[in-house]
Structures are given as structure tokens and as C-alpha cells.
Amino acid sequence: MGEFKVHRVRFFDYMPTAIRAMAFNAHTERLALGRMDGSVEIFNFADHYFQEKVIPGKDSRSIEALCWVGGRLFSAGLNGEITEYDLENLRPKYSLEAYGGPIWTITSNSQGAHLAIGCEDGTVKLFEVLEESIQFERNLDRQKGRIISLSWHPSGTQIAAGMMDMIRVFDAVSMLTTVLLVDRGFGGSKSRETVVWSVVFLSDCTIISGDSAGKVQVWDGHTGTLVKTHLVTKWDVLALSVSKDESSVVVGTSEGTVIQFQFIAPTLQQQQDKEWVRTRTFKNHTHDVRALAEIETAIVSGGMDTQLVVRPLLEKFDERSHASALRKIQFPHRNLVFCAKKAGLLLFQFPGQLELWRLGESDGHGKPGDSLPLKRKPEKLLHLKRKGEDHICCSALSSCGGWLAYSTMSSVRLYRLQTDNNDISITKVPKLPKILRSAHQLCFSSDSSKLFAASSQSSVLVIALSQSECKYVHTLKPKSGSRQPIHLMTNSVDGKWLATANSDCEIHVYNVQKLKLHCIVPVYGSCPSAMGIHPTTNNLTMVHADQQIFEYSIVEKQYTDWSRKLQKQGLHNLWLDRDTPVTHVTFNPKNPEQILLHDMHMFCIIDQSLPLPDQKTQFYNQMTLRSLSEQERPSHLHAFKICKTFQDLLSVSLLDDQSLVMVERPLLAITSQLPAPVRQKKFAT
Amino acid sequence: MATLFEGFTLCGLVQTQSASDSAIQGIELDGDSDHAVVTDSTRAVTLYKVSDQKPLGSWTVKQGQLLTCPAVFNFQTNEYVVVSDNKVIRVWKEEDLHLDKAFKATVSADVWRVHSAPGGEPVVLFQRGAVRLLDSLLSAPQQPIEDILSEEEKEVIRWSTNIVAEKQHFVLFTTEQKGEHFLYVQRLNPNTLQKYRLEREDSRAPPLSFSASLRDKHINLLYLYPNGCVYQSVVAVQGPVGLEGVQALPRSLRLRLPVGEGELGAASAVALDEAHVAVVGMPHPSARTGKDFLCIWNTNFQTLQADKEMVGRICGQVWCYLGKLFVPHGKALSVIPYECQKSSLASALGKLRHPGIAVSKSSVAIPSWNTLLHGDQPQGPTKIVDSRKSKLRRKSQSAPALTVDQVLELIKTGPVEEVRREVEALVSRGDAQDLQLSVGRLACQLVARSQVETAFYAPGALARLVKTQCLCHSMCPDLLLLALEHKDYFLCQLCLQLFPDIPEVVTCACLKTFIGVPDDDVEMVSLEPDSVSFMEGLVAAGARGGQQNGFSPALFEEDSCDPHHQPKPPQHQDKKNPTLQLEVCPVGLRKAVLLNEVLQTPYSDNLLVPHLKDLNAPQVISIQEIIDWVCLLLDAHFTVLVMAPDAKGLLSNLQSFVKSQVKLFSELGKIEGSLQELHKMKPSKDISQYSIEVIELF
């Protein structure tokens, strides 16, 4: 097939922030994840854990806890505000000052009628959930000391509150409170207050608490007595989550372990005398497990080490399958790297800044496997700090390298870049059209004459760019009336077509020259994770979260023959079993048969001229092919050419000079930037 | 298993001046099970209500006087008794407010202790070894008291207790004389005194603590030495009559506690039941030294079953009353409830036999582990099982039942149906005690007649006898073969299920017969319904096929960073997956049930090894899998293996191997830093932030 020169880039210092909170909505199967920087991510667990939406953070916002009320998402944080999110426009809908100092926790009752928050000043405040907002109702008996954790009894009449050195149970009907005293730790920690980091209140009035002395305690809520203490760690027990049927509780500790407790009979003889027994320990984290959710078939955990871990409970699966495998989500399912193919520039998007780099150069050629000597080192041309408190949610770089744009929740900024030799000058384009306030996605047309900005309700604003001015042209609107945001946008090289994909899995193709909707690709049940329009055939290639690949002819408004053949034969199981989505589709203009794809762990070139692999074919066959002679090789070739040499890939692009740019972010480099864990596994300990 | 529950503090303690003295002299019970009488080391006796953790009353002697023995409760008169200044006996009731106003009597010799126990009169033990009943002593306080222990020889009492058996009353005390230790057993009414010499411990150190208990007509004395050894000596209640002089007291080592370096300072051991010992004042085997723990050990298995850290100084005292342990430590007296569950061989054997089904059948007539070890009376699990059945049967019984001997006679000549009826009646009514014996005799008789008289075969009666679970193969070795001969597959199945001791030869014979039987012959036979439905489920599951949970080929690891990672061709996987081959059950259902019974019987490798040799090399699994398998087996059957003498060598070899591995790794841990440096040196070129490389794709 051929040799490629590869720019192996590892200087993108992407650093995800720690996971602080999560909430799982069993009804919609969506997991909301709150990070330390105030951003919120929504994962669709029904669709291969795809990261469907990202609400960017803000400097002043902090998230201590998240909670769903029906399909509405609320958060509360140490800034003392309760926030409801607009999941269609990916921004806070409103924020409400609770006047209780920093808020440690927020939780809704099972009826979804009330929210309770726990405040630094010792109050538990109840809010009524109204149609469009929430309204303060009353304070529960104010206590001395902060309220760290809260849990409603399923009946909604009682609330257990975890505090310092104690748990209080408020009865909303009788207005009585019961106090459960929590022991302090032994030895030196005796003088330190015990923080009850987490409580759960079960329907049989059992209260389970986890605290900073490393204990998980089971209390009888009727009598207020301690039933059992499990000392699980020398450090803190931070998070608790109970399964829907209340037969299992998982706890997260500072050691990075997740420990499961199950409500079972200790001996097989006495099935009726059940008690909470420590059963399993999972160690998938290196640092604090701050957020936990036990869902139907798995334990979901996250914490300081920034990764989201889905650990399926194997007893819930009859057969080993894709769904029963451990899954770690380390990278975002969207692009943070943009490449100017003509200019050889790379744009890195951080929440707080953009970095523009020029790739290096080398002389001559080498054998496969060689590293070439560098003639010129890569160079950081620009470090652009964002303005305002809002974090950057999207950015774009034109392929000529002459334009740069980014958007936050509150504003869009466009810059003109001029490079001559080694000097770079940047000019902000002063007057942007008023209509362009914020964008979910940005992209430049390949001739850099237009800027497309994904706006609310899946609409796209078309802005014409010229040296002197930039002008609003038109708003492209989908016919479907979807209110969901666009998460993917791509345009054709000939400047005629623009394709958008939204969270409703709809893909619209617009004719940019006529400024109207051209067609809607038949909706497929899984969300597209990457797509691209072929430079010569104008076929739209889409890869979905379930790993399926489709190719759709925009001109003929139908799936191509190759796509039908692929669907008929089916993709290889090893392709379908991969657990990270494809995040980028690109093409080789010099060789129209080739489609370039990548996910976190591999880079793949699909050669459409070659036969598709069937289930018996050796799928990962590059090693075998290498060992074969030139004559034998053709009989072993198949369409999927997969290279795993490059790992932890954030981006792959093909420059106009046919060299590949692989942006790697080794996980080790991320780990090394984390603070030291409380406990490190040593040999023989 | 034993459990120590959450404890609570009964009262605070005053620190004594000298480090070795305890603040408490003694804790005794009184008439109320929730009360504790605590005597401190100086002047006060306090009565506590334990569950409320509060004092009910307190009595003190005047300044200058000293309590010299713990107060006890006279269960016959509901009075408290204490001794002050060695010679003054004071008796008072709970409602008395002042001890000074209470009754007192001065005796002519120094008192060591007053002992009292429910069901017996209090006894007074004098420092020179004489013993008097309290009543008779108080009637003539100034009566002369003889010396049992000679003053010149400097023999002094170290510890004493009293034990009340059904009709007998004992006072036990140990003495020390020139480094030797003696046990005196004083029986009262009639009075006899027996003296025993304790074996000397190598270190010549005196025992740290004693504890005595009465168990099935033997007095068990448990004592702990500073080197961590806990010995038990047994003295019969019906003591050797007329033996004069000093007897040597045999002892057996019950437990060797890990004491770490050095010796135990202040520690104490008390027996909780046959198998459990509570020890206070020893370091935890895995905690750092300098901490004292209260531990419960199982002496049968030498395992630590429960532990609790005791904060503060321990003075080596522990009392055990009614499921509670009283431990003074630091500035508090803690009460810690405990529970010891009996560990029985039955549960262990049950695990061996039917891992899934055994639960419901765990009441097999296998005697408890303790019974095997200590010769207890068989407590009747069989009785419980059978009582329900027998109740049902009793209603239908009308004719007067025959005795065992009469039934035995009947078997010799009677017709099958009558034999069945009488056996049934006998078994239903039989009490567990002698059922075991009679069942064996009946079965042997039945089998013997069948062997002689080919026309006679009583399947119903035999099945009934097997079902009592009192029968085993060795009791009646011909039974199973006879059933096989008569093609009584139901009885065969019962025997296979219920006999724990079928030799492999017989199992093999069963297997051969079962395999040889044509399916049609078996399909009409009625078999035990549970096992049939189990097999039905199994066959159905096998037919469904599919990959089983837990089977994970290396391929699945997507995260593998190995760039040269190449999957194996899929056709190899199919061979690895055993479930695919189990699609159709090759034999009929009932035949499968019988074969499964054979498979579930315990067997040794004699049966398997010749056939395993037929496997060819690619089918033999890898070392890693074998080790995993062995680990799983060891984990699953550890309790059984620990008890099996045959496994001892293997286990200790494995243990020493694992120990050396752990040591190796801990040594490696020390040079971890250097190793990491080595690791870093290798891929240094890869760490660069940027490179231009050439790759080739095919």
C-alpha cells in the first residue's frame, strides 16, 4: 500500500480535569458527569457510552453535586448557587443563589417534586421544582456545622444529612430530628473531625454512611442505632451509591478502590437474616474515587485520576460480550486538535487558551521504522488566552492557516492570521454580525471564504469572510425541527456541501451555494461520532458510536454500493468490539480509494478497492503481510489496514504533502501530572 | 466463626500507682444476669447494670481498711460477701447502705479468696490452702484452720477458682513453690484433695493466666505461658480415688500464639467453648508491636477468628460471663459481647460433596467436629430431620411396633411387604441415639438374606434405611452391589448421593453398569426428582451453547499497547471453547442423571489419570492455567484440606514456597527505584515530544 511520513506529535499538553460528581438517569440512560473545572458531560449509556454533549465550564462555577429531576439536570457547588442546565443549548439555564454559603450537596426526592441542598452554614434548604424553575420553600432545622451529604428516604418524608462527626435525620412531617454520632478515627486522627462524606437512606430505614475515618457504617434509622461498622480504608470513604433494588451499595475511597457491599445472608442456611456484607473490591483508579453510580449492570466510577470507568458486574451477564467488558473513557469523544492541511499548522484547544503550532521539517527519506533527522523543530507560534470567564467550547482553523475562530458560551471571536517567514501577526476581526453570539461547532469552508457556525436548534449560520469585512449571509435550518445541538459539522472541498449531525442522530446535508437543505441522511439508531465528505466523489462517510460505517452519496441521495456491500457482509467482530469511538474521518486526495479513520488506540486506512474481510479473515493482518513475500501478499489483503503503533491518539490528519500528523497524548503523561496518590501499590505489599 | 461485637465502656478506672497492678480485683455475677459486681483494688465494691452501663450501688470500707478479695454473691442467701484486711469477712445485702454496719466476722487465718457459684454454697479458701464452707465458718469464726501448704517451703497460691458440677463442688487452686507449679483439686463432701504437678515450660517462666471450665464431666484447665503457648490439661471429675502423693498433670498444646519478638507481658487466656479461646494482651499477628489486642482464636484450626484493638495499658485480666468479655484496659473497663459459632465437619464435608445442593441436606448425620475431637455426646441433627417425618407416620401407626430384635427375626423369614412395613415403623419411631446401630444391623440382615435367597429383595425397606442417612458404605458394603445386581437404580442413586465413603472400585462398577444400560431400560425408572430436573436444566443450557461468562480470550483487551499485537486465527478459539461441543447430550436424561451422580461422588485420581493420558499435547493446558486452577481448588477446599492429614505436606510446602516468593518480591521492592531507572533508560528516544517517522502499511 505504501509508505507514509508521520509527524508524531506529543507536545499537546491536554489535561482532563478531575471528575467531581455524577448522576445517572435510569429512565433516559444518560450519565451526567461534573468535572472540577465546572464542565458537565452527558454520556448516553444506551448508545455505547457515547459522550453526547459537553457543557463547557466557567471559572466561577464549581460543581459539588449533580442531580436529575426527570429529564432536567441540576447542579450545586461551592459558589453557593444552584444551576439548572439547558441541555439543548448546552448552557446553564439559570443560576440561583441559595444564601446558605457554599453548597456541598444537592439531591431530589424520588417523587421529583423537591430538591434538598446542604449548605456550609448548616442549613438544609428545600426547593420546590416548578415547571420552568425552582422555588425556595423552607429551611429544615438549622444545625451547627456544615451539611456535607444528603439522602432522601424513598418515601420523601425523611432526609438523612451527613455532617461533621454526626448524621442527622430530619423528619419532614413531625419536624423531629434524630442524631447519629459517628466515631472519629483512631490514633492521631482522633482529634480531627470526621466528615460524613456520603449517606444513603434505604426504604427499610437503613442508613449507610461513608466518612473520612475510612468507615462504612450501617445504621438502623428507626432506632438510631449503629448496626455495623466496616473499616474499609485508612483514608476517606468519599462516595456511596446504592443499586436500584437496594441490594447492593458501592463505596469509593481515597485509595482509588471501589468496594461493593451486598445485602445478603451471611450463611446459606439462614436466608432470612440478611446483612450488609462486604463482597468485592475493584481497583480501577489510582486516586480518590469522588463520584460513583451503580447502574443496572455496572458500576460507574470517576475521580481525581480523570477517567470514567464502567465496570460491568459479570453476574448480570449470561455471556461474555462486548457489553461485559471493562471500559475506561479517558479522552473526549470530540476533536480538540485542528489541522491546517495546506499550511502545516496545528491548533490545540484548551478550556482556557488556544495554541497554534507549526510542524517541523526533515530532510530526505528513510526506511520504514526510521526516525528522520529534523531540519526544523516544531514551533509554537501563538498562545491565545480566552477573554472572560467562560471556557472555550469549540474552535476552528482554516486550512490555509489564515483564519482562526473560537467560541465560548457568551461570545464568538474571529482572528485573521498572517505569517510571513517566521513572523506571525494576529488581528482580531472587529465587528462580527450580531446574530453570531455563540456556536456549538465552527468550521471554515476549504477556500476560507465562509465560516459556518452551529447555532441553536440545529441551525447553521453562514458568514462570508473577506479581507475587509465579515458578513452574515444566511441561516440554514433543518426541516426536522430538532432542538438538539449540532456536534459534528463538515464541508466538502468543492465548497458545495455542508453536512451536520446532531444529538438526535440526524444528519443534514445542505447545499451551500443554493443555501438550502439538500437532503437528510436516513436516521440510524446510533449517534454519529465522526464524518467526512470525500474530496472527489462527494460521498459522505459516517462512523457511528456503535462502530458502524456508512457511505452516502450526496449527489445521488442514497447509500453507495460499497456501503451496501459493507452492511450486507457486516463488519468484522474485532472492529465492532473496539471500545473507543472513531473521532475523525479524512481522505487521501491523491488516492480516492482511501478513507482514513482513527480512534484512541488505532489508526486505520480503509481501501475501498480491496475485498472486505469476513469473520474468518485475520483482521489485524499487518504483521502477517509484512512477513509475506510480494507475490503472496495480494491474496491476503483486505480493506481494513490497521496500525496500532500510535497509541492514545487525539487526532490524525493527512497534510497536503501526503504526510500524516498523529497527535498522541500518552496516558502516562497525564498520570504523571496528577498529584501523588495516597497509596501506591508496591511489590509484595 | 467467632465474632467480637461493638463493645462499650462499663466504667472508668482509676490509674494505680504501680504499673503492674490492676485497678480491678475481680468481677463477679450476682443473681441478675445483667448485673456485674466489680471490686476495685482498694476499698470499693460497685454493682453495675451492664446493659445500662450504670452503677446500681456502691459500698466502701473505711479509710485504712483494704479489700483483700473480690466480693462475691451468695446465690443461696442473696447476700454479698467480701473480705477486708485478710481476716474480716463481711456479709451484706443489696439494700444495705453502709458496709461498716453490715455483718462481719473475724477469722483466725488469712483468707485468700471467697468463691461462689450458682448452685453451690460459697467456700472460703485460706492462704495456707485450707477450705471451709462459708456457712460453717461463720458459725464458728475462730475455729482453728489447718495448714495445707507449708510456710517454710514458701508455697504460695497463685490462682484459684471453684466449680460446681451437678452434685459436686470443687475448689481448684494453683501454687508456686521454688519455680514449680502445682494444681490442687479439692473436692467437697466428701473432702478429698489431689495434688498435681504442672509440667515445667522450657523457659521456666510461670504461667501468665489460668482458666478452668467444666465440660462433660471433666475439668479443663487452660493456661497461658509468656512464650505464647496455651496448654490444656484435663482432670476427671470422678477423680482417681485413693491416689496419694503428687501426680504429674499431662498437658496438651492447644494453641501457639504468635508473640513476635520477646514474650508476652501481661496477658490472659480464657476458654469460651470447646474450640474458642479469647486472649487479651497479645500483639496482633499483623499489626505493629506495641498494640494490645483482644483476639478470639479457634484452637481446632489455630486460626484467628476475631480481633479488637484495646487502647491503653492491659493488665492481663479478662473475665467472661454470659457471652460477654470484660476487659480492663487503659482508663476503662470495656464489655465486649462475642459470639462463637460451632464449626462442624459436616459443613466442610457438605462442601466436598454437593457444592450447590448440599445446603438443604447439610444435616447429614455426620457428627460435629468437636464431637470427633473431644468425644461429646452425639447431639442429634438426625433427630431434627426425622422428627417431622416420624410425626407424620405416627398417626398412621396403630399396631404395637416391634423391637429391633423382633424385626431382625422377621427379616430372616418374613415376606417382603411385611418386612418393609415393620422397618418403616421402626425407623420412624426410632430415636436417634441407637438408630445408627440398628439401621446398620437391619440393612446387613436384609442384604444377607437377599444374597442367600435370590427371590427375596426388599427395595422399599432398603431405600428407607438409606434415607435415614445413618447408613454408610462401610457399614454394609454389599448393599450397593446388591442394588446394582437387581438393577435397582433408584437405590443406587440414593446410595451414591448419601454414602460418603464409596470406594472407587464400586463407583467404577456403577459407572460401567450405567454406561452399559440401554437408554430404554432406564427411561422408565423413577429417580430422585430434584436430580432429574437439575439434569434437564443442564442439558437445556448446553444445547443453547454460546460463550460462557468469565471466558476471556486475550484478544478482547482493546487497550493493549503492543503495536505488534496479533490475534490468533479464530478457528483456534473454537477449540478452546468447551461449551460449543456440549451441544447435544449424547445419552438419555435418566442415564445422564445416574452418570452425574457418579461424577458427583468423591473420588481420587486413580480413576482419572489413565484417561487423562489419552489427551494429546495441544489439548493440555498451559502452566498458567494449571496454577490458576490449583489456586482455585485450594481456595475452594481450604477448610477441608487443612483438616486432611494427607494434605499437610503439600500445604506446608506451598506455604514455604509462597513465603519465599513474597520475600523475593519484598527484596525486589527495595530495589524498585533502581529497577525503574533501568526501565527509564531503555525507551529514552521514544519520550521525545516530536519526531518524524516513516511507517509502511501493507
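The values are calculated or read from the model by the stated rules, or taken from the named source; none is laboratory data. Computed from a predicted model, the values in this text were never measured in an experiment. Please note: Cβ atoms are built from the backbone with ideal geometry, for glycine as well, and neighbour counts cover all protein chains shown. Protein only, heavy atoms only, side chains kept; ligands, DNA and RNA dropped before computing areas. Shrake-Rupley method; radii C 1.70, N 1.55, O 1.52, S 1.80 Å.
Sorted by accessible area (1.4 Å probe), largest first, how do B:Phe126, B:Phe657, A:Phe45 line up? The partial results should precede the final answer.
Values: B:Phe126 0, B:Phe657 115, A:Phe45 20 Å².
Order by accessible area, largest first: B:Phe657, A:Phe45, B:Phe126.
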Karplus ³J(HN,Hα) for the range B:205-216 (6.51 cos²θ - 1.76 cosθ + 1.60, θ = phi - 60°; Hz, whole; x = Gly/Pro) runs 6, x, x, 7, 7, 10, 8, 10, 8, 9, 9, 5
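Pop out the carbon and sulfur fraction of the accessible area of the range A:191-253 as a percent, whole number, probe 1.4 Å. Don't skip to the end; give the middle numbers.
Details: 1190 of 2380 Å².
The nonpolar share, carbon plus sulfur, comes to 50 percent.
Need one value for A:313-319: mean number of C-beta atoms belonging to other chains within 10 Å of its residues' C-beta atoms.
Values: counts 0, 3, 1, 1, 2, 6, 8.
Counting Cβ atoms of other protein chains within 10 Å of each residue's Cβ and averaging gives 3.
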B:Glu504: accessible area at probe 1.4 Å, nearest 10 Å²?
-> 50 Å²
At 222 nm, what helix-only mean residue ellipticity would the protein assembly as shown give, in deg cm²/dmol to the nearest 500, using -39500 (n - 2.57) for each DSSP H run of four or more?
-> -5500 deg cm²/dmol
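Summarise the accessible area of the range A:45-170 (1.4 Å probe, protein heavy atoms) by the percent that is carbon and sulfur.
Working: 2070 of 4440 Å².
Answer for the range A:45-170 is 47 percent, counting heavy atoms of protein chains only.
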A 1.4 Å probe over the protein heavy atoms gives the range B:90-217 a carbon and sulfur accessible-area percentage of 49 percent
Ignoring everything but the protein chains, give the 1.4 Å probe accessible area of A:Glu64 in square angstrom, nearest 10.
-> 30 Å²
By average Cβ neighbour count within 10 Å, what is the ranking of A:528-534, A:645-651, B:148-154 from highest down?
-> A:528-534, A:645-651, B:148-154
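Do the alpha carbons of any pairs in A:Lys5/A:Lys644; B:Lys467/B:Lys591; B:Lys512/B:Lys648; A:Lys557/A:Lys644; A:Lys387/A:Lys450 sit beyond 27 Å of each other, and which pairs? All intermediate terms of the calculation are to be shown ahead of the outcome.
Working: A:Lys5/A:Lys644 16 Å; B:Lys467/B:Lys591 22 Å; B:Lys512/B:Lys648 34 Å; A:Lys557/A:Lys644 35 Å; A:Lys387/A:Lys450 24 Å.
In this structure, B:Lys512/B:Lys648; A:Lys557/A:Lys644 exceed 27 Å between Cα atoms.
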How much solvent-accessible surface does B:Arg590 expose, in Å² to the nearest 10, with a 1.4 Å probe and all protein chains in place?
-> 60 Å²
Provide a whole-number value for the mean count of partner chain Cβ atoms within 10 Å of the Cβ atoms in peptide A:3-10.
-> 5
Accessible area buried, both sides summed, chains A and B with 1.4 Å probe, Å² | 4900 Å²
Calculate, for B:Ala105 and B:Glu153, the FRET efficiency according to 1/(1 + (r/R0)^6) with r their C-beta to C-beta distance and R0 41 Å; round to the nearest 0.05.
-> 0.85
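Shielding of A:367-374 by partners, i.e. mean partner chain Cβ atoms within 10 Å per residue?
Values: counts 2, 5, 4, 4, 7, 4, 2, 4.
Taking the mean over all residues of the peptide, I get 4.
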Counting only residues 5 or more places away or on other chains, whose amide H sits under 5 Å from the amide H of B:Gly57 once H atoms are built in the peptide plane?
-> B:Leu47
From the phi of every residue in the range A:663-674, what ³J(HN,Hα) in whole Hz does the Karplus formula 6.51 cos²θ - 1.76 cosθ + 1.60 yield, where θ is phi - 60° and glycine or proline is x?
-> 9, 9, 10, x, 4, 4, 5, 5, 4, 5, 8, 6
Solvent exposure ordering (accessible area, 1.4 Å, most first) of B:Lys308, B:Lys331 = B:Lys331, B:Lys308
Filtered pair list for the range A:204-292 (Lys only, Cα < 19 Å, 8 or more apart or interchain) has a length of 6
How do A:Glu632, A:Glu506 stack up against each other in accessible area, from largest to smallest, with a 1.4 angstrom probe?
-> A:Glu632, A:Glu506
For the protein assembly as shown, what is the accessible area per residue in Å² when the probe is 1.4 Å?
-> 46 Å²
Enter the Cα centre distance for the pair the range A:592-630 and the range B:449-466, rounded to the nearest angstrom.
-> 74 Å
